[in-house]
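Read the figures in this text as sums done on the coordinates, not as results from a lab. What you see is a predicted model; the values in this text were computed from it and never measured. Here the Cβ positions follow ideal geometry from the backbone for every residue, glycine too, while neighbour counts run over all protein chains shown.
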């Protein structure tokens, strides 16, 4: 398991290839890349600042991967999450899962992303034409998470 929280951008192709090449028996690679949108709730976004609680955030992300591993059979997972000030189209997060078969890898990747959105201690602040605002958790993220706990 690889978990990194960083300010620097990442090369998703390089990161996924390193994960993929670590095992010769990999038959499936599933990934998700999230990026900053230029529009949110009808407002133009010029900047997104992400803050986190160092140490605690990494432990939360590791716990999410461990939960996924207890549910599905996959080989390894990678999470890279950026913090700091980002602009529209900047990458925020990469989640990648490798396994023998696609079904388990898809489920694990989606689970990790759904729990990351609701359980990991990140705080987001947007800059819009109306000023700065802290973002609340989205109801849709809570709904996505809930389907895994039932």
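Could you work out the mean projected area of the convex hull around the alpha carbons of the chain, in square nanometres to one decimal?
It is 8.8 nm².
For residue 134 and residue 70, a Förster radius of 30 Å and the Cβ-Cβ distance give a FRET efficiency of 0.35, rounded to the nearest 0.05. Between helix 12-21 and the chain there is an angle of about 20 degrees, using the helix long axis and the longest principal axis of the Cα atoms.
For residue 89 and residue 29, a Förster radius of 25 Å and the Cβ-Cβ distance give a FRET efficiency of 0.60, rounded to the nearest 0.05. Classify region 80-150 from the C-alpha gyration tensor, please: rounded if a/c falls under 1.5, else prolate or oblate depending on whether a/b exceeds b/c. Oblate, because a/c is 1.5 or more while a/b does not exceed b/c.
Here the calculated FRET efficiency for residue 1 and residue 147, from their Cβ-Cβ distance with R0 = 30 Å, stands at 0.80, rounded to the nearest 0.05.
Return one number: the angle in degrees, 0 to 90 and rounded to the nearest 10, between the long axis of the Cα atoms of helix 56-71 and the longest principal axis of the Cα atoms of the chain. It is inclined by approximately 40 degrees.
Distance between the 7 Å Cα→Cβ label points at residue 18 and residue 62: 1.8 nm.
Roughly speaking, what is the centre-to-centre gap between region 49-66 and region 89-150 when only Cα atoms are used, to the nearest Å? Cα centroid to Cα centroid, the span is 12 Å. Taking 0.36 nm per residue of separation and subtracting the Cα-Cα distance, full extension of the segment from residue 118 to residue 8 would add 37.3 nm. Helix 139-149: angle to the longest alpha-carbon principal axis of the chain, degrees 0 to 90, nearest 10? Its long axis makes an angle of about 20 degrees.
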